[in-house]
Number of protein chains: 2
Amino acid sequence: MSRERENIRRRGFSYERALVKKLWKHGFAAIRGPASGAKAREIVQPDVVAMKNGVILVFEVKSVKKSYAKLYINKSQVERLKEFASRASSYAFIAIKIRETKDWIFIPLDKLECTDKGNYKVDLTTTPYLNFNSIVRLADKETIRLDAFLKKRSG
Amino acid sequence: MSRERENIRRRGFSYERALVKKLWKHGFAAIRGPASGAKAREIVQPDVVAMKNGVILVFEVKSVKKSYAKLYINKSQVERLKEFASRASSYAFIAIKIRETKDWIFIPLDKLECTDKGNYKVDLTTTPYLNFNSIVRLADKETIRLDAFLKKRSG
């Protein structure tokens, strides 16, 4: 692995750990998946899983520099996360750390946009998202509909 | 780390992975915790977390050679697992791979025996346990009481 790739990998882990810590501080049981994956192709391991009051949240963690960035996500990564979330009866999000503002935003999988090639896309200026407080409240008030938390930015 | 210690560590991971695979085959979403822990003392990461039908199971994974072995578990390890399980509203078990028979058995935390020094002990000849099928059924029939599955061996 090149040094640059290794650095990106390490930075990724540090965001995953930061998210676990943040969720833990808000009363969640949170766990980071193994760095090496499950070593079994058929098994998906999300980056982070968090649980509270019977509500389960699973996250794939990404980071972008700017709050108006676009982000592309591999089709199979999303499909595998969906499979895990469905088995767990959980919500699933792409958790995005915006490095410039230090904010976390959370995109529900069904709000991802499709690309022509069948992959997925997040456009941070238009894709609806939840902020961290909404994620926390999701576990406190199970009956509230997810849509109530979604924020739509106008580009 | 000595080579022997490293080998024990690796063997531990392989049992964790095996348990994840076994749970996955039975319809669970299962995730292994990170090898390096959370890198934050206040945060516990169980070896394995499994979810199905809204039921959450957390596991600390051990292995013993013989089906009549005794096993000692550090107090803080149990306390931390309890904390995680309580936050997650989950069941918590010490999952034990018996290497000789290749069986898995599962000890609910409240069935662990206390030692004089405040640590915990499993005596495989007397401590009540669940087998793998019972673990699976636990998630299929949420309302069944855990005790219904407990098997007590007479030493």
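Read-outs: derived from the displayed coordinates by stated rules, not from any lab. Values in this document were obtained by computation on a predicted structure and should not be read as measured data. Using ideal geometry, Cβ is built from the backbone for each residue, glycine included, and neighbour counts are taken over all protein chains shown.
Placing pseudo-labels 7 Å out from each Cα toward the beta carbon at B:ARG99 and B:ARG3 gives an inter-label distance of 1.7 nm. Inter-chain Cβ neighbour count for A:21-31, averaged per residue, equals 5 (cutoff 10 Å, partner chain atoms only). Annotation: the antiparallel percentage among DSSP beta bridges lying fully within the stretch A:1-100 is about 55.
Counting, for every residue in B:88-98, the Cβ atoms of other protein chains within 10 Å of its Cβ and taking the mean gives 2. Here the stretch A:41-105 and the stretch B:57-97 have alpha carbon centers that stand 28 Å from each other. List residues of the stretch A:12-36, by number, whose backbone nitrogen lies under 17 Å from a label position 7 Å along Cα→C-beta of B:PHE13. Flagged as within label range: A:13, A:32-36. Just to confirm the filter: which trypsin sites (Lys or Arg not before Pro) across the stretch A:78-138 are DSSP coil and have at most 13 other Cβ within 10 angstrom of their Cβ? Passing both the DSSP loop test and the Cβ count: A:LYS102, A:LYS117. How would the stretch A:83-123 be classified by its alpha-carbon gyration tensor: rounded, prolate or oblate, with rounded meaning a/c under 1.5 and the a/b versus b/c comparison settling the rest? Cα axes put the stretch A:83-123 in the oblate bin. Diagonalising the gyration tensor over the Cα atoms of the stretch B:1-133 and scaling each eigenvalue by 5 before taking the square root yields semi-axes of 20, 18, 18 Å, largest first.
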